[in-house]
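Here is the structure we will look at.
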Amino acid sequence: MSARWVAHLPFTAADLPAAQQFAGMLARSLGFLPEVDAGEITVSAEDAQGVRHRVFCDLPLDGGRRCVRRVDHGGDCTPRRCR
């Protein structure tokens with residue numbers, strides 16, 4: 001099995017929700033690549049990279065699937081493509 005790596009790609013955003021939205025769009029746009037684990041994407045402020053904020057819920061569900069909704073979603077988790 002290959003080792004996992006993290007790419008750090010600085011970008012600008014007005015605030016945390018805008019940063020999470022940008023990162024979510026970036027993850028979805030690369031989702032066709034099997035090497036990308038979009039459910040694990042996080043964002044952090046450039047001067048506080050140790051404080052990471054999740055973008056997607058990604059909680060484990062029955063059958064080995066994971067929730068694909070945003071981290072702050074309301075209601076039940078779902079394995080459907082609701083991002």
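Does R65 count as without any contact (Cβ under 8 Å) to a residue 40 or more places away in the chain, loosely packed, with under 14 Cβ neighbours inside 10 Å and among the charged types (D, E, K, R)? Steps first, please.
On the way: without any contact (Cβ under 8 Å) to a residue 40 or more places away in the chain: yes; loosely packed, with under 14 Cβ neighbours inside 10 Å: yes; among the charged types (D, E, K, R): yes.
For R65, the condition - without any contact (Cβ under 8 Å) to a residue 40 or more places away in the chain, loosely packed, with under 14 Cβ neighbours inside 10 Å and among the charged types (D, E, K, R) - is met.
Return the only residue of D37, D47 being acidic (D, E) and over 20 Å from P17 (Cα atoms).
Details: D47 fails: over 20 Å from P17 (Cα atoms).
That would be D37, the only listed residue that is acidic (D, E) and over 20 Å from P17 (Cα atoms).
Determine, yes or no, whether V55 is among the aliphatic types (A, V, I, L, M), modelled with pLDDT of 90 or more and surrounded by 14 or more Cβ atoms within 10 Å (Cβ to Cβ).
Numbers: among the aliphatic types (A, V, I, L, M): yes; modelled with pLDDT of 90 or more: yes; surrounded by 14 or more Cβ atoms within 10 Å (Cβ to Cβ): yes.
So V55 fits the description; yes.
Quick check on V6: is it of a type in the set (V, I, T), open to solvent by less than 70 Å² (accessible area, probe 1.4 Å), part of a loop (DSSP other than H, G, I, E, B) and out of contact with any helix residue (DSSP H, G or I) (no Cβ under 6 Å at 6 or more places or on another chain)? Explain how you work it out, then say what you get.
On the way: of a type in the set (V, I, T): yes; open to solvent by less than 70 Å² (accessible area, probe 1.4 Å): no; part of a loop (DSSP other than H, G, I, E, B): yes; out of contact with any helix residue (DSSP H, G or I) (no Cβ under 6 Å at 6 or more places or on another chain): yes.
No.
Considering only residues of segment 16-52 that are open to solvent by 80 Å² or more (accessible area, probe 1.4 Å) and either basic (K, R) or in a loop (DSSP other than H, G, I, E, B) (or both), which is farthest from R70 (Cα to Cα)?
For segment 16-52, the residue satisfying everything is D47.
The values are calculated or read from the model by the stated rules, or taken from the named source; none is laboratory data. All of these numbers come straight from a predicted model, not from anything done at the bench. Here Cβ is always computed from backbone atoms with ideal geometry, including for glycine, and neighbour counts include all displayed protein chains. To get the accessible areas, we keep the full protein, side chains included, count just its heavy atoms, and leave off ligands, DNA and RNA. Shrake-Rupley method; radii C 1.70, N 1.55, O 1.52, S 1.80 Å.
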